[in-house]
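The block underneath contains the structure these notes are about, expressed in structure tokens.
The values are calculated or read from the model by the stated rules, or taken from the named source; none is laboratory data. From a predicted model like this one, the values you see are computed outputs, not experimental measurements. Note: ideal-geometry Cβ built from the backbone for every residue, glycine included; neighbour counts use all protein chains shown.
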Amino acid sequence: MGKLRSIFRYLFRRKHFENDIDRELQYHIERQTELNMHHGMPPAEARRQAALTIGGMEPLKDNCRDARLGRAIEVLAQDLRYGLRVLRKNPGYSLAAILTLALGIGANTAIFSLVYGVFLRPLPYRDGAQLIVLNQTVGADKDDAGFSPIEIAAYTRQNHTMQGVVEHHQMSFLLMGKDMAERVQTSVVSVNFFDVLGVKPLLGRTFLPSDDDRRAGAVLVMSYKYWRSHFHGDTSIVGRVFTMNNIPHTVIGVLPPVPQYPAESDVYMPTWQCPARSNSRNIANVNFRLIDVVFGRLKPGVTVERARADLEVVSRQTQAAHPEGYTGLSHFAVTAQPLKFDLTRHARTPFLILLGVAGFVLLIACANVANMMLARLLKLERELALRSALGAGRGRLMHQLLTESVLVAVSGGLLGLLVAPLALRVLVGFAEEFTTRAAEVRIDGPIQIFALALSLATGLLFGLAPAFARWDQMESLHQGGRSTANRGRQTLRAALVVAQVSVSFVLLIGAGLMIRSFSKAAREDPGFNPARLISMRASLPLFRQTSVEPFRKGITDLARQVREVAGVESAAITSVAPFAKVLLAQGPTHNEFEIEGQPLVAGQPVPTVDGRVVDFGYFEVMRQPLLEGRTLNDHDTESSLPVAVINSTMARHHWPNQSPIGRRITPDHGKTWFTIVGVAGDAREYGLDHKTLDEIYTPMRQNGGFGNVLLVRTAGDPRRMIPLVESAIHKINPYIALDQVSTVEDLEYESMASPRLMTILLGLFAALAVLISASGIAAVMALTVRQRSHELGIRMALGAARRSILAMVVKQGLVLAGTGAMVGAAGAIVLARLLTALLYDTSPRDLATFGAVSALFVGVAAIACLIPAMQVTAIDPLQALRRD
Amino acid sequence: MAKTKSDLLQGTLDLLILRTLELEPMHGWGISQRIQQISEDVLQVNQGSLYPALHRLEEQGWITASWKTSENNRQARYYQLTKKGRDQLAEEKANWLRLSAAVARIVGVA
């Protein structure tokens, strides 16, 4: 309390304070004078001696002031005022510094929020660190094998390391209300699913053990998103009854808005309500591995390693009890890893690259500001030297310069916080390509602290730059501030520019590689014609059907009816559309098969192939060229010989230099033999940047499955045709649910979304870096010209041509840029390797990219040098010589 | 015989000021005189450090200052120990005794 009063008195009752000091010291001198006179000195001498005991009056008073806490605040306020005045007086410098920093800090804040939200923020589930994901894999490539109900039951009952094990698989069912039929993404889960995750319902309740029973009646829990978008947040939803799979389902609860793991679904149901999962034949079949996600909660204190060992023991017991489930499976293995890792594994590489790049950009911005600071210091040199000579302590001057740079940095940081949300909006869309955690990304407390800490750190960092540059006050005074002799500082500035240039060069190489890779991928021929092609999934309201026959007939009829619609050229059926999101997310399947006459050899890898179930007319609608033999036609029926069309990659792979036509393969150890009747061209259905794999196309009526995706080739604008086709289908049957409706060109565009965004982001960062470095080069050259104007003036007076002087200055700048580029090239060769995973058909040492980037760089550097060098021509020799 | 004069040890000035003020409130000049007298001219207080020290002690809340009429009938700035100052003095005294005893043992006087 006393301290506050004292600070207040010092700052705001200053007159009293000063008055007290004056009178106190006055009193001291008077008493000392009296004492001296008492000892016999004459009055004048007595007074002189008394004053001497005090010493310098002003320094003593200053020391008294320094003893006060209020003094520190006063000094800071003075420096701030002075700093603000200086910034206002040099608007160009201040704006450039603040804007560069704002961009640097804004970008870093946005990317850090992303990385924080995705990797660092605790999972929004209770004790998220205890959650682990189980995986069963087969083959050398560790393909997901999935889980069968028998295996899940074993892990659940026989493990010793987990508190709970739950399963999840996603189905797509029709949800029918009074006057609606909608296809809903349905998560089929164990009844303790939400308890293990630790998710509490927003409305109603989640599942209870008693719900795991047919007699209790079917129940549903709705996701927050679906409830909001389809029922407008109507709280009376709890208790509503819908029909699914032909039985009534009661909604018992709504989830809170937490990110859904492992997949976004509209509704959740217990396992017994899924017809496939609850079929008694499937439950007894260890080979029925429908369930793709199993996870559990570790008991307290149990490590992931111990859980892994435990799971392996359980799996060996299951394998011994059900050997029929593991014959023919090579490299079968079970493993586990933390949920958090599983959620974000795809995001790791691109995000860390972006974080590194943003950090680099900030460093470049810092170097720039440090450089500007040094330039300013040079201008101030005389003033500082003068103040220093007049008794201002070096510490005080440093304090003041530091205040100024922190002022710039914090302004930049605050402005950066305004920029960050804009940048973040773009970035979240990018993150959604990689992880469901993107929904949790936002700018909040920890992020703002990060941004401010970052700006303070940069402020101190570049504020300290002048500290490296010692100034010799006397020399500065003598030279009249012309300072040609401070080589140390020139070297520092040159080093800063070289460092800037080299880092920007690395970034530009990174961006260049991404652009080259992207344009290479974008130029790839998809192998079919995506123009004027629509794809949509059609779900027929057929229930209680135990065979696929009604589905096949229904979808075939539908395709025929769609072909009649005006504006439709042709239509066909497939199991999945090219570039479809589900296709890209799940990746190719690896169906094992045998070739006639080539029996499997133990220990040799079994050949595998990715497959499509299609209807006749598929290749014609896709415009996928036929290279050999014939396509599928409507004579390929249940009663005719099973046939297949393969792609040319598969043909070359298994029958190099010979025709595969007439060869036979079997997917089921000889029960069924498919005769190859045609070879089609390769199609890049998994995205243009994915090399084509072995692919087989089998007719729907022969392979036991069916497709429900319609491919429609239109005569005119496909986007305008979509509503026409939809309404035509609903006229045929209003209960056919249509979803995943899109033009194939849009799907193709979206399939490239993540490389496109990565390319754009890296490109933007690199452009920013180059811009900042160019301004760095220009600033240094401008200063050099100004400092050397005296010398250049003499040269001109002595007859040197302006052009040769211009060349000299530009050459000096290019040497800086060239040195930086060389250092950068060396760094790029090392760092570009990190990009390998993101590059398509492009070497990280791609010569063309290195060449183009170098050329671009030399050009930019030359321009950056030329602008300030032009000032040379404005030098009037006489003026330059006369100038102070 | 001239008496040897000693420089004040770092930090002991605070102790001397507080101790002087323990006897009675006093102004700056008086404090320096008192220290000189009691130490029989061994200790000379540098005015350049006395006044900043007084301001520092006041800022710490160990002493307070007020204008009073002095012994020669003029207004002087008198300093007075506070309760906090008394506690501080006790602590510094104890420290000093411990320190000087230790130094004396090493030097071999005691």
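Name the single residue, out of those in region B:61-72 being within 9 Å of chain A (Cβ to nearest Cβ) and in contact (Cβ under 8 Å) with a residue 24 or more places away in the chain, that is nearest to residue A:8 (Cα to Cα). Can you show your working first?
Filtering region B:61-72 down to residues within 9 Å of chain A (Cβ to nearest Cβ) leaves B:61, B:64-65, B:67, B:70, B:72.
Adding the requirement that they be in contact (Cβ under 8 Å) with a residue 24 or more places away in the chain leaves B:61, B:70.
On the way: B:61: 15, B:70: 28 Å.
Taking the candidates together, the pick is B:61.
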**Prompt:** Among A:80, A:60, which is part of a helix (DSSP H, G or I), surrounded by 14 or more Cβ atoms within 10 Å (Cβ to Cβ) and away from every other protein chain (no Cβ under 14 Å)?
**Reply:** A:80
**Message:** Looking only at region A:18-58, filter to residues that are at pLDDT 85 or above and of a type in the set (A, V, I, L, M, F, W, C); which one of those is farthest from residue B:45 (Cα to Cα)?
**Reply:** A:44
**Message:** Could you go through region A:260-283 and let me know if any residue there is within 26 Å of residue A:320 (Cα to Cα), assigned to a loop (DSSP other than H, G, I, E, B), in contact with a strand residue (DSSP E or B) (Cβ under 7 Å, 6 or more places away or on another chain) and of a type in the set (A, V, I, L, M, F, W, C).
**Reply:** no
**Every residue from region B:29-51 that is touching a Gly at 6+ places or on another chain (Cβ under 8 Å) and either among the basic types (Lys, Arg) or within 8 Å of another protein chain (Cβ to nearest Cβ) (or both)** = B:47, B:48, B:51
**Request:** For region A:333-344, indicate whether the set of residues that are touching a residue at least 60 places away in the same chain (Cβ under 8 Å), assigned to a helix (DSSP H, G or I) and over 34 Å from the mean Cα position of the chain (by Cα) is non-empty.
**Result:** no
**Request:** Within region B:14-26, identify whether any single residue is out of contact with any His (no Cβ under 6 Å at 6 or more places or on another chain) and facing another protein chain (nearest Cβ under 8 Å), and answer yes or no.
**Result:** no
**Asked** Looking only at helices (runs of 4 or more DSSP H) that fall completely inside region A:685-800, which ones have 1 or more residues that are buried (at least 17 other Cβ atoms within 10 Å of the Cβ), acidic (Asp, Glu) and at pLDDT below 90?
**Response** A:744-751
**Looking only at region A:66-77, and only at residues there that are closer than 20 Å to residue A:24 by Cα and free of Cβ contacts under 8 Å to residues at least 24 places away in the same chain, the one that is nearest to the other protein chains (Cβ to nearest Cβ)** = A:67
**Request:** Collect the residues in region A:240-287 that are closer than 25 Å to residue A:177 by Cα, of a type in the set (Val, Ile, Thr) and either free of Cβ contacts under 8 Å to residues at least 60 places away in the same chain or surrounded by fewer than 18 Cβ atoms within 10 Å (Cβ to Cβ) (or both), keeping them in residue-number order.
**Result:** A:241, A:243, A:247, A:250, A:251, A:252, A:254
**Prompt:** In region A:811-822, is there at least one residue being crowded, with 17+ Cβ neighbours inside 10 Å, over 27 Å from residue A:376 (Cα atoms), hydrophobic (A, V, I, L, M, F, W, C) and under 30 Å from the mean Cα position of the chain (by Cα)?
**Reply:** no
**Asked** Out of the residues in region A:642-662 that are more than 14 Å from residue A:699 (Cα to Cα) and either of a type in the set (Gly, Ala, Ser) or touching a His at 6+ places or on another chain (Cβ under 8 Å) (or both), which is surrounded by the fewest Cβ atoms within 10 Å (Cβ to Cβ)?
**Response** A:662
**Residues that are over 13 Å from the mean Cα position of the chain (by Cα) and among the small types (Gly, Ala, Ser), drawn from region B:54-89** = B:61, B:65, B:66, B:70, B:76
**Request:** Answer with yes or no whether residue B:104 is of a type in the set (Gly, Ala, Ser) and either over 27 Å from residue A:61 (Cβ atoms) or away from chain A (no Cβ under 14 Å) (or both).
**Result:** yes
**Message:** Which of the numbered conditions does residue A:854 fail, given that it passes all the others? Conditions: (1) part of a helix (DSSP H, G or I); (2) closer than 22 Å to residue A:757 by Cα.
**Reply:** (2)
**Asked** Residues of region A:15-57 being within 60 Å of the chain's Cα centre (by Cα) and either within 11 Å of chain B (Cβ to nearest Cβ) or under 16 Å from residue B:31 (Cβ atoms) (or both), which ones?
**Response** A:17
